[in-house]
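In what follows, a single structure is set out as structure tokens and then discussed.
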Amino acid sequence: MNIAELFAQRERERYALNSRFLNDQMVRVLQAIGFDIGFCRGEGQYLYTRDGNRYLDLLSGYGVFAIGRNHPKLREALKSVLDTDLPNLIQMDVSTLAGILAERLLTRVPYLDKALFVNSGSETVEAAIKLARAATGRTGIVYCDHAFHGLSYGALSLNGDEIFRNGFEPLLPDCVRIPFNDLLALEKALRARTIAAFIVEPIQGKGVNMPANDYLREAAAICHRYGSLFVADEVQTGMGRTGRFLAVEHWNVEPDMVLLAKTLSGGHVPVGAVLTRRKIFHKIFDRMDRAVAHGSTFGTNDLAMAAGIATLDVLESERLVEHAARIGEHLTCKLTEMIAHHEFLHDVRGKGLMIGIEFGPPRSLKLKTAWHAIETSRKGLFCQLITIPLFKEHNILSQVASHSSHTIKLLPALVISEADCEWIVNGFASVLAGSERVPGAIWSVGKTLVGHAVRATA
Ligand SMILES: Cc1ncc(COP(=O)(O)O)c(C=O)c1O
């Protein structure tokens, strides 16, 4: 079985295969915005087409390729697992590699004592809900507006956007939604002492919403005042993304539970980790007959554990956390400087290499009319006028931060260089200059998109 040959033989059929057998709506979206070019290779922060065109990837697979695509050390680690005939998943034994990965993760988060491995970000959230309920004897979970914790039922019950929830309710009972950055609302929700945990992303992925300076520290203190657990969902922000190993380190917070996934996988083998306190862990695993009270068949599989160990090693040996802090700051500064020169550009925010670029209505009348024309057809459509030419003319792959959002999110591999930053800044400058020409090519794309938007909802 030669997968490389199979890929080469069939890769031209990818859209047809996906339309027929998988999510055909996704194929329609890609075709509508012209992203259906079919990448054939990935290396580091770059993607390559069949004819060798290079693209700068600012999505990194929703954050999983933090160490870059197909990193040689990761590849070597995975190959060595396959070549060693390891016993893997004996189940009536424990895993050596899981022990090593847990030891290395907990060294980075020394105030926590125990790790639990699962297969995805959503599964870390499911585990956190169960651990919190078991540890406190309470049922309630508090979460935030615009939160995203995954799409399985428990995690979806903590989702702060109707677009994901609609059609799937009823969800888990006793979940209470509060505004992000609102400590009074948190205290009000916790006061009755029925809440097991407050689960929060230190920086919200949907929108790159930043916490106020004292928010996370105060939120943890309020949780502890009322006997609730403070859980940091660092699935997206964790492991160097924001320029610290954990994002909560920016605000000196020590959560009762930390959830990791994405980066931990090296992008290749799905994995998630829940790190928590011994006291909490032992509330679930409290007797021998409860040794299997929570877990998953593939949780500690050797390939996933090896991917985690290799990823930590690359983060350390290439000093990628420090690099993300430095290069992220550089890129954020360069993009912020552009605000003064571009009417549609309103805000640049983030930490490390999790950056939100927010657009909004311009000042001048002519541009304002164009903005309203496009935004009336569908809120957030303006961002597509930026991401499409960035992709087509500047070979930059980017995404809108959430549905109906005016923010584009940059989530590149942590290995990006100063030259890549220049590529990004020049790309945005050129596209923004184009957006200020009405009529112009960008607004013609806008008209086509409005047509698609009308048809999509018809
Ligand atoms: C903060 C956060 N939590 C949980 C998840 C869910 O992770 P997964 O898609 O691996 O289930 C995501 C995914 O984007 C996330 O950003």
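Under a Cβ-Cβ cut-off of 12 Å, what is the net charge of the residues other than A373 that fall near it, where Lys and Arg count +1 and Asp and Glu count -1?
+3
Starting from the Cα gyration tensor of the stretch 154-302, take the square roots of the eigenvalues, sort them a ≥ b ≥ c, and report rounded, prolate or oblate (rounded when a/c is under 1.5, otherwise prolate if a/b is larger than b/c, else oblate).
In terms of gyration-tensor shape, rounded.
Please report the spacing between the Cα centers of the stretch 233-299 and the stretch 72-99 in Å, no decimals.
Taking the Cα centre of each part, the stretch 233-299 and the stretch 72-99 sit 20 Å apart.
Sequence gap at least 6, Cα distance under 8 Å: using those rules, report the relative contact order of the stretch 231-314 to the nearest whole percent.
26
Taking the highest mean first, how do the peptides 54-65, 375-386 order by number of other beta carbon atoms within 10 angstrom per residue?
Going by the mean number of other Cβ atoms within 10 Å, highest first, we get 54-65, 375-386.
Calculate, in whole percent, how much of the Cα-Cα pair population of the stretch 309-436 lies beyond 22 Å.
I get 37 percent for the Cα pairs in the stretch 309-436 exceeding 22 Å.
Treat every Asp and Glu Cβ in the stretch 343-386 as -1 and every Lys and Arg Cβ as +1, leave all other atoms uncharged, and give the resulting dipole magnitude about the Cα centre to the nearest 20 debye.
That gives the stretch 343-386 a dipole magnitude of about 60 debye.
Taking N as the number of residues in the chain, what is its Cα Rg relative to 2.2 N^0.38 Å?
So the Cα radius of gyration is 1.00 times the expected 2.2 N^0.38 Å.
Return the whole-Å distance between the Cα centroid of the stretch 354-400 and the Cα centroid of the stretch 154-178.
Each part reduced to its Cα centre gives a spacing of 29 Å.
In Å², and per residue, what accessible area does the stretch 1-112 have when probed at 1.4 Å with the other protein chains present?
Accessible area per residue, the stretch 1-112: 64 Å².
Using +1 on the beta carbon of Lys and Arg, -1 on that of Asp and Glu, and nothing else charged, what's the dipole of the stretch 1-103 about the Cα centre, debye to 20?
Once rounded to the nearest 20, the dipole reads 420 debye.
Can you give the extra length, in nm with one decimal, that the chain gains between A441 and E249 once fully stretched, where that is 0.36 nm per residue apart less the Cα-Cα distance?
Extra length from A441 to E249 when fully extended: 64.7 nm.
Which aspartates and glutamates does K130 reach when only Cα atoms under 19 Å apart count, and residues fewer than 8 places away in its own chain are ignored?
Excluding near neighbours in sequence, the set is D113, D174, E201, D233, E234, D256, D286, D289.
Which order do the peptides 166-179, 196-209, 33-46, 411-424 come out in when sorted by mean C-beta neighbours inside 10 angstrom, highest first?
The peptides rank, most packed first, as 196-209, 411-424, 33-46, 166-179.
Counting only DSSP beta bridges with both residues in the chain, tell me the antiparallel percent, nearest 5.
The answer is about 65 percent antiparallel.
List the lysines whose Cα lies under 28 Å from the Cα of K366, skipping any in the same chain that are fewer than 8 positions away.
K334, K379, K392, K409, K447
Restricting to DSSP H runs of at least four residues, report the calculated mean residue ellipticity at 222 nm for the chain, -39500 (n - 2.57) per run over all residues, nearest 500 deg cm²/dmol.
-13500 deg cm²/dmol
Once the convex hull of the C-alpha atoms of the stretch 1-149 is built, how many Å³ does it hold per residue, rounded to a whole number?
So the per-residue hull volume is 226 Å³.
Could you give the DSSP H helices of the chain that reach 20 angstrom or more along their long axis (alpha carbon positions) and whose average Kyte-Doolittle hydropathy is no lower than 0.0?
121-136, 302-317, 418-435, 441-457
Packing-wise, with mean Cβ within 10 Å as the measure, how do 261-269, 285-293, 90-98 rank, highest first?
Going from most to least packed, we get 261-269, 90-98, 285-293.
The values are calculated or read from the model by the stated rules, or taken from the named source; none is laboratory data. Keep in mind that what you see is a predicted model, and the values were worked out from it rather than measured. Quick reminder, even Gly has a Cβ in these numbers, built from the backbone with ideal geometry, and neighbours come from all protein chains shown. All accessible areas refer to the heavy atoms of the entire protein, side chains included, with ligands and DNA or RNA removed. Shrake-Rupley method; radii C 1.70, N 1.55, O 1.52, S 1.80 Å.
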